[in-house]
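Please read the structure below before turning to the comments.
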Amino acid sequence: MSFRATVLTLYPEMFPGHLGASLSGRALERGQWSIDAVQIRDFAEDKHRTVDDTPAGGGAGMVLRPDVLARAIDAVSQDDHRPRLLMSPRGRPLTQKRVRELADGPGVVIVCGRFEGVDQRVIDGRALEEVSIGDYILSGGEPAALTLLDAVVRILPGVMGNELSGVHESFEGGLLEHPHYTRPQFFEGREIPAVLTSGNHGAIAKWREAEARRLTEARRPDLLPQPVKK
């Protein structure tokens, strides 16, 4: 069974976007995964196809209406067990662990927010899992949805030519990835580290582990195990 993604959005023309090219695009053509972008406005019931309204309690901006969004969610996922995700800056940070969990499942339903946000009642009533791709604000959930799907699709079975490519990467082993080098041997006065051309695979593995740990300590110490407080 292929991985099936359904995206609820006000801008379906943004999909598949870059996912229609390179590895993910070829996998899409082979049927290893599929994507269906659904227009939320199609579930509005007034002649103007209204999907938003002013925030209760006042304030700037508009809020996506719960009734319209609930109809859209029910129409695409009422009888399946795919996780329902809402791309949101207040969500839990997306991790490689969660990406692998999603890749091991049947697919996802992704809601792309716009305006000031989504009515909390539809988040609660439809059990939407809020997911964030970083501590910054985008104009909408579509770029975040494309990022999440990119991370998931690339590790689906058979998408990458070399399955080991998805194993020795940043976050897979709890560390950032080690530096990479290739020919030429000398470039602008800098040489490939001698250990990498030594042919000693044990020494190479130790060097890569040490470099990964060094980079993680310098750039992302939060990824390392923290000492237990007594």
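Here are the numbers for the structure shown:
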| read-out | value |
| --- | --- |
| Enumeration of residues in region 35-48 that are without any contact (Cβ under 8 Å) to a residue 40 or more places away in the chain and in contact with a Phe, Trp or Tyr (Cβ under 9 Å, 6 or more places away or on another chain) | ALA37, GLN39 |
| Flag if HIS81 is under 19 Å from VAL38 (Cβ atoms) and either out of contact with any helix residue (DSSP H, G or I) (no Cβ under 6 Å at 6 or more places or on another chain) or modelled with pLDDT under 95 (or both) | yes |
| Condition met for THR182 (β-branched (Val, Ile, Thr) and not in a loop (DSSP other than H, G, I, E, B)) | no |
| Search result, residues across region 71-92 that are within 25 Å of THR50 (Cβ to Cβ), small (Gly, Ala, Ser), touching a strand residue (DSSP E or B) at 6+ places or on another chain (Cβ under 6 Å) and open to solvent by 10 Å² or more (accessible area, probe 1.4 Å) | SER88 |
| Leading residue by the ranking (most open to solvent (accessible area, probe 1.4 Å)) among those in region 189-230 that are charged (D, E, K, R) and not in a helix (DSSP H, G or I) | LYS230 |
| From LEU175, LEU138, LEU149, residue being hydrophobic (A, V, I, L, M, F, W, C) and touching a Lys or Arg at 6+ places or on another chain (Cβ under 7 Å) | LEU175 |
| Residues that are in contact with a strand residue (DSSP E or B) (Cβ under 6 Å, 6 or more places away or on another chain) and of a type in the set (D, E, K, R), drawn from region 93-117 | GLU116 |
| First in region 52-63 and over 13 Å from ARG114 (Cβ atoms), second anywhere and part of a loop (DSSP other than H, G, I, E, B) and of a type in the set (Gly, Ala, Ser), Cβ under 7 Å, 6 or more apart | PRO55/GLY61 |
| So VAL159, is it open to solvent by less than 40 Å² (accessible area, probe 1.4 Å) and over 14 Å from the mean Cα position of the chain (by Cα) | yes |
| From VAL68, VAL131, VAL118, VAL63, residue being within 22 Å of ARG4 (Cβ to Cβ), among the β-branched types (Val, Ile, Thr) and crowded, with 16+ Cβ neighbours inside 10 Å | VAL131 |
| First in region 91-114 and among the charged types (D, E, K, R), second anywhere and exposed (fewer than 13 other Cβ atoms within 10 Å of the Cβ), Cβ under 9 Å, 6 or more apart | ARG98/ARG92; ARG114/SER139 |
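The values are calculated or read from the model by the stated rules, or taken from the named source; none is laboratory data. Given the structure is predicted, the values throughout are model-derived calculations rather than measurements. Because the Cβ atoms are built from the backbone with ideal geometry, glycine has one as well, and the counts that use them run over all protein chains shown. Side chains are part of the model used for accessible areas, which takes the heavy atoms of the whole protein and leaves out ligands, DNA and RNA. Shrake-Rupley method; radii C 1.70, N 1.55, O 1.52, S 1.80 Å.
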